[in-house]
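Before any comments, here is the structure.
The values are calculated or read from the model by the stated rules, or taken from the named source; none is laboratory data. It should be emphasised that the depicted structure is a prediction, and the values quoted were computed from it without experimental measurement. Note that we place each Cβ from the backbone using ideal geometry, even for glycine, and neighbour counts take in every protein chain shown.
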Amino acid sequence: MTVTPVPDAAIIVVAAGSGMRLGAGAPKAFVGLDAHTVLWHSLLPIFGARRAAQVVLVVPPGLEGNAQTEAMDAAATVARRGEASDRFELVSVVAGGATRQASVAAGLRAVWPSVATVLVHDAARSLTPSEMFDRVIEEVERTGSAVIPGLPVVDTVKRVAASGAVGDTVDRDTLLAVQTPQGFRRDVLDAAYASATGEFTDDAALVAAAGHPVRALDGHAHAFKITTPADLERAKTIVSGKAQLAMRVGIGTDVHAYAEEGSARTLWLAGLEWPGERALEGHSDGDVAVHAIVDALLSAADLGDIGGLFGVDDPAVEGAHADVFLTRTRQVLADAGWVVGNVSVQIQARRPRFSVRRLEAQAALSELLGAPVTVSATTTDGLGFTGRGEGIAAMATALIVRASDRSAFP
């Protein structure tokens, strides 16, 4: 019989809220997203994480048995999928308190003595991916600091008085929309809770008030908190999509005209620089192959197009090459729960002679996307603008796969 090592990390899952704003007639964690509850879905990525951890569920008094059942089923589901061994033996269940802070304190009291790192996670952020739990644990261990994931604030934020009068605009570049799991050294979190004299909205604020440093790291778009009926519907849509559609295909095209003869620009094509060849016009480097790939990937994920992600007047894109476009697109897909399966792109041009560098281009693009990219080139027998030598065109086809199903993709 395999004996599971005693973990040195714990995840306190706070699931004791009433969910009054949700208006679903039950405590939020026990509301259904599909055939399973919010709590069940929140446990799947925890049990599927690379790092095994003690899991302390903090639930409303009287629902401890229900939580045990949800945890047992979630752990067995992950084990059947082959993502991890059955980790139900690592689960503890305790009753929560009257406030979130009291509930976390109850969870802390149930953490095993062997644990050195503690994560606190809201069950209402039920679609948080497994990799976030691993990253937070590793960052706490690496830095010794408290760690909070979050996303940049993209909306304009203004101060508003109680009367409704609008005041000054807040610099959003200094703001972070904070998520969970938040990670802490166990001794730091214990001491902060022991000395707390007031109520805090999150554990990082409590730890910071006790004089400890807090670091931020990138969060995830799917780690949003289910608070309102609209949030619940969003989560249901995402869960439904994961269940029904594991792979999607997108197509993208791009064309650029040649720059004027004698232009100081350099031709960039398929991620490579082509010295001595006539350059293409464009706000960036004009790489039609890369731009077609971006459009194909965004189309497959239903995330718009290249113009929406990289504005034509954005100074950050001026002169940018494949690394900027493909790295950013890959991250946007990952935030939406997708990974790249493979990409095929065809270039239509009279020049340059592409075959001599085809393998080099494939290797460069594949490395940037973390997936196989095949590149081919053709002429159009003198037809059309490419045949007349007025510019270059490219067409790409991309296959993407749900991150949760990537193990099924060769």
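Annotations
- Every residue from region 176-205 that is of a type outside the set (A, V, I, L, M), within 24 Å of Val153 (Cα to Cα) and surrounded by fewer than 22 Cβ atoms within 10 Å (Cβ to Cβ): Phe200, Thr201, Asp202
- In region 195-227, residue farthest from Thr143 (Cα to Cα) [restricted to those that are under 17 Å from the mean Cα position of the chain (by Cα) and assigned to a loop (DSSP other than H, G, I, E, B)]: Ile226
- Filter pass, Ser284 being in a helix (DSSP H, G or I) and of a type in the set (S, T, N, Q): no
- Filter pass, Gly65 being touching a residue at least 60 places away in the same chain (Cβ under 8 Å) and of a type in the set (Gly, Ala, Ser): no
- Test: residue in region 289-298 that is closer than 21 Å to Val343 by Cβ, in contact (Cβ under 8 Å) with a residue 60 or more places away in the chain and surrounded by fewer than 19 Cβ atoms within 10 Å (Cβ to Cβ): no
- Residues of region 133-171 satisfying the condition of being aliphatic (A, V, I, L, M), modelled with pLDDT under 95 and out of contact with any Lys or Arg (no Cβ under 9 Å at 6 or more places or on another chain): Leu151, Val160, Ala161, Ala162, Ala165
- Residues in region 107-139 that are part of a helix (DSSP H, G or I) and of a type outside the set (A, V, I, L, M, F, W, C): Gly107, Arg109, Ser130, Glu131, Asp134, Arg135, Glu138, Glu139.
- Selection count where residues are in contact with a Gly (Cβ under 9 Å, 6 or more places away or on another chain) and without any contact (Cβ under 8 Å) to a residue 60 or more places away in the chain, scope region 90-118: 5
- Any chance Ala75 is buried (at least 19 other Cβ atoms within 10 Å of the Cβ), aliphatic (A, V, I, L, M) and not in a strand (DSSP E or B): yes
- Qualifying residue in region 240-253 (condition: in the same structural domain as Glu318 (by TED's automatic domain parsing), over 26 Å from the mean Cα position of the chain (by Cα) and in a strand (DSSP E or B)): yes
- Complete set of residues in region 45-72 that are surrounded by fewer than 21 Cβ atoms within 10 Å (Cβ to Cβ) and either among the polar types (S, T, N, Q) or assigned to a helix (DSSP H, G or I) (or both): Glu64, Gly65, Asn66, Gln68, Thr69, Met72
- Here Gly48 clears all of (1) under 27 Å from Glu199 (Cβ atoms); (2) under 22 Å from the mean Cα position of the chain (by Cα); (3) among the small types (Gly, Ala, Ser) except the condition numbered (1).
- Ser130 meets the conditions (1) surrounded by fewer than 17 Cβ atoms within 10 Å (Cβ to Cβ); (2) touching a Lys or Arg at 6+ places or on another chain (Cβ under 8 Å); (3) at pLDDT below 95 in every case but one. The failed one is (1).
- Some residue of region 310-320 being outside the structural domain of Ile137 (by TED's automatic domain parsing), charged (D, E, K, R), touching a helix residue (DSSP H, G or I) at 6+ places or on another chain (Cβ under 6 Å) and farther than 29 Å from Asp134 by Cα: no
- Extreme residue, surrounded by the most Cβ atoms within 10 Å (Cβ to Cβ), among residues of region 316-328 that are touching a Phe, Trp or Tyr at 6+ places or on another chain (Cβ under 9 Å) and modelled with pLDDT of 90 or more: Ala322
- Every listed requirement among (1) modelled with pLDDT of 90 or more; (2) surrounded by 19 or more Cβ atoms within 10 Å (Cβ to Cβ) is met by Arg358 save one, (2).
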